[in-house]
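Notes follow the structure.
The values are calculated or read from the model by the stated rules, or taken from the named source; none is laboratory data. Predicted, not measured: the structure shown is a model, and the values here were computed from it. Glycine also receives a Cβ, built like all others from the backbone with ideal geometry; neighbour counts cover every protein chain displayed. In case anyone asks, the SASA skips ligands and DNA or RNA and just uses the protein heavy atoms, side chains included. Shrake-Rupley method; radii C 1.70, N 1.55, O 1.52, S 1.80 Å.
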Amino acid sequence: MAYFLETLFGGLMGGMLYALVGLGFVLIFKASGVFNFAQGAMVLVAALSMARFSVWIPQWLGFENLLLANILAFIVSAGVMVLIAILVERLVLRHLVNQEGTTLLMATLGISYFLDGLGQIVFGSSVYSINVGMPKDPAFILDSVFEGGILISLEDLTAAVISAVLVALLAFFFQYTATGRALRAVADDHQAAQSIGIPLNRIWVIVWVVAGIVALVAGIIWGSKFGVQFTLSTAALRALPVVILGGLTSVPGAIIGGLIIGVGEKLSEAYIGPFIGGGIEIWFAYVLALVFLLFRPQGLFGEKIIDRV
């Protein structure tokens, strides 16, 4: 029982990070009706910015305080993501209002490649680390209930708590704010939203800024655990099955989908992996997503795309 709970907790904590990255995809889809292939590149650029500015700023200003360096680096990196959002709207999306979804999809692919190249030019192509003080040592809990206790990663627990708080704030933003309601109206029909006075360009800037901040937090967590390298942009796409499972139009779906996939990966690797040679975590999420695409393409909580046309 202790081993099962240990595996379950590990899956839930990893699932919250998947949910956080998946939310970035949902945000853009709800605003434009197109899957954002640039989300992985946004995570990469945000992580690179945090990693490099946390080193550069103390060198430029002549101090060695790690906390201050991380705070300033976070502020600057958030500013970088805001600038990217504004430029994406001004230079790309503004010229594609009311265009076909395929056109917007190709635009996000172009943005992805551009950001990957820009990251290498500005920040270099080395592997960098992010040190935000997250605890690295594991801990034992419930040792009075189970012999030896249950081993958990404090780093994963911290990441899960941060992800959960941000996810809760985003869910509140979408459900209970005027901007969130405007965003849902834009997602339903661009032309109808414009006809009632909703500024489409401003909504797109807001949602890309929010997606950028989500990418920054996810990039910091991911970079703190595994380091920052250019494979991060493709690693972030592992959240794609999350939004397929939960639904591309559903914020709660991204949360539930992330938890299901996180738990499913860990439990299947622990209990089925030994019989088939392991490696289930690599492909489990994609197989589950394929099953949903075949039998319930809108996901658990999403709307049928045909209903939105």
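Give the accessible area for residue 266 in Å² (nearest 10); use a 1.4 Å probe, count only protein heavy atoms, and leave out ligands, DNA and RNA.
Here the accessible area works out near 80 Å².
Take the Cα atoms of the stretch 108-174, build their convex hull, and give its volume per residue in Å³. Walk me through the numbers on the way to the answer.
Numbers: hull volume 12.0 nm³, N = 67.
It is 179 Å³ per residue.
Within the chain, which whole H helices from DSSP have a Cα span along their axis of at least 18 Å and a mean Kyte-Doolittle hydropathy of 1.6 or more, if any? Kindly include the intermediate steps, with their values, before the conclusion.
On the way: long enough: 2-32 (45 Å, 1.48); 39-61 (32 Å, 1.10); 66-91 (36 Å, 2.33); 101-123 (32 Å, 1.25); 154-176 (33 Å, 1.75); 200-226 (38 Å, 1.74); 251-271 (30 Å, 1.00); 280-295 (22 Å, 2.43).
Counting only whole DSSP H runs, the qualifying helices are 66-91, 154-176, 200-226, 280-295.
Over the heavy atoms of residue 234, what accessible area does a 1.4 Å probe trace out, to the nearest 10 Å²?
90 Å²
Restricting to Cα pairs below 8 Å that are 6+ residues apart, what does the relative contact order work out to for the chain? Please round to a whole percent.
Working: 477 pairs, mean separation 107.7, N = 309.
Computed over the chain, the figure is 35 percent.
How much length, in nm to one decimal, is gained on full extension between residue 151 and residue 61, taken as 0.36 nm per residue of separation minus their Cα-Cα distance?
28.3 nm is the gain from fully extending residue 151 to residue 61.
Nearest 0.05, what FRET efficiency do residue 122 and residue 143 give at R0 = 35 Å with Cβ-Cβ as r? Kindly include the intermediate steps, with their values, before the conclusion.
On the way: r = 48 Å, r/R0 = 1.37.
So the FRET efficiency works out to roughly 0.15.
Which sequence of 225, 136 reflects their accessible areas, 1.4 Å probe, from the largest down?
Details: 225 65, 136 115 Å².
Order by accessible area, largest first: 136, 225.
Note the direction-averaged projected area, equal to a quarter of the hull surface, for the Cα convex hull of the chain, in nm².
Value for the chain: 18.0 nm².
Taking only protein heavy atoms into account and a 1.4 Å probe, give the accessible area per residue of the chain in Å².
On the way: 14570 Å² over 309 residues.
On a per-residue basis, 47 Å².
Give, rounded to the nearest 20 debye, the magnitude of the charge dipole that the stretch 1-295 has about its Cα centre when Lys and Arg contribute +1 at Cβ and Asp and Glu contribute -1 at Cβ.
Numbers: 11 positive and 15 negative charges, 174 e Å.
My answer is approximately 840 debye.
Give me the distance between the Cα centres of the stretch 146-185 and the stretch 201-234, rounded to whole Å.
Measuring centre to centre over Cα atoms gives 15 Å.
Ignoring the sites themselves, what is the longest stretch of the chain with no GluC sites (Glu not before Pro) in a DSSP loop and at most 14 other beta-carbon atoms within 10 Å?
Numbers: sites that count: 64, 100, 147.
Answer - 148-309.
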